[in-house]
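No value in this document is a laboratory result; all are computed from the given coordinates. Because the structure is a prediction, the values reported are computed rather than measured. Quick reminder, even Gly has a Cβ in these numbers, built from the backbone with ideal geometry, and neighbours come from all protein chains shown.
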């Protein structure tokens, strides 16, 4: 990529006053100077006095350099885990997490449970990274207030719990409508367990089991999830009970949906929107 960019930059300088009596690319300039509908015309604007006004190519070159430098920075905006606190060490060692960050921590999926040790463990792992962590509950907020709260953070972390309940609250709060615009702005989405399932296309395979843990008056509006990725994470696959359930889910839905099984030592990173 770097070599390609240098070649383009070299070509772009052909329109500038030559630094040497004979520019090595002079023949190339003459070859294309009368072909305004050529590929080069997509980047150059011809001018008799300055040869090519290469504003478009300059912009293209800058984008090339940006992409070339991405190897030194985050290349993705979605991290999906089965259990964040058990993979945080590897994520840190591989420089897959930013060195400093402000985190919007969403524990809403844990609301149906009296004790939520997995949420406490994930929050603690983020704090130990040196991150600034703020809990933001999706329950009982307006879209406007939620957007304002989330906009001030670098990472949006969605913790585990009851996925069906989480999906419902994501739509009631407006979170489902906001998340895509936040990722386009450069924020990072991290999911843990239910938070990773939420990133997929639908919660349908989990609804029956999840609703059994909720109040009798609970009614799911729709099973559609965030559609950040086109597959459904099956978390905690190292546990025999969960693994057996995952086998049944794949057998029932495998022809219509794509699944990714994750143990608590595994994770997925994704770059959506080509950012």
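Descriptive notes on the structure:
- Convex hull of the range 125-232 built on C-alpha atoms - directionally averaged projected area, nm²: 7.1 nm²
- Tensor-based shape of the range 177-251 (alpha-carbon gyration tensor, a/c under 1.5 rounded, otherwise prolate or oblate): oblate
- Of the residues 259, 206, 84, 175, the one with the fewest other Cβ atoms within 10 Å heads the list, and the complete ranking is 259, 206, 175, 84.
- The range 102-172: mean projected area of Cα convex hull, nm²: 4.5 nm²
- Gyration tensor analysis over the Cα atoms of the range 74-274 returns equivalent ellipsoid semi-axes of 24, 20, 16 Å (largest first, whole Å).
- Simple spin-label estimate for residue 135 and residue 149 gives 1.1 nm between the two label positions (7 Å along the Cα-to-Cβ direction from each Cα).
- Burial ordering of 90, 270, fewest other beta-carbon atoms within 10 Å first: 90, 270
- Residue exposure sequence - 123, 116, 92 - by fewest surrounding Cβ within 10 Å: 92, 116, 123
- Kirkwood hydrodynamic radius computed over the range 229-275 comes to 11.6 Å, based on all pairs of distinct alpha carbons.
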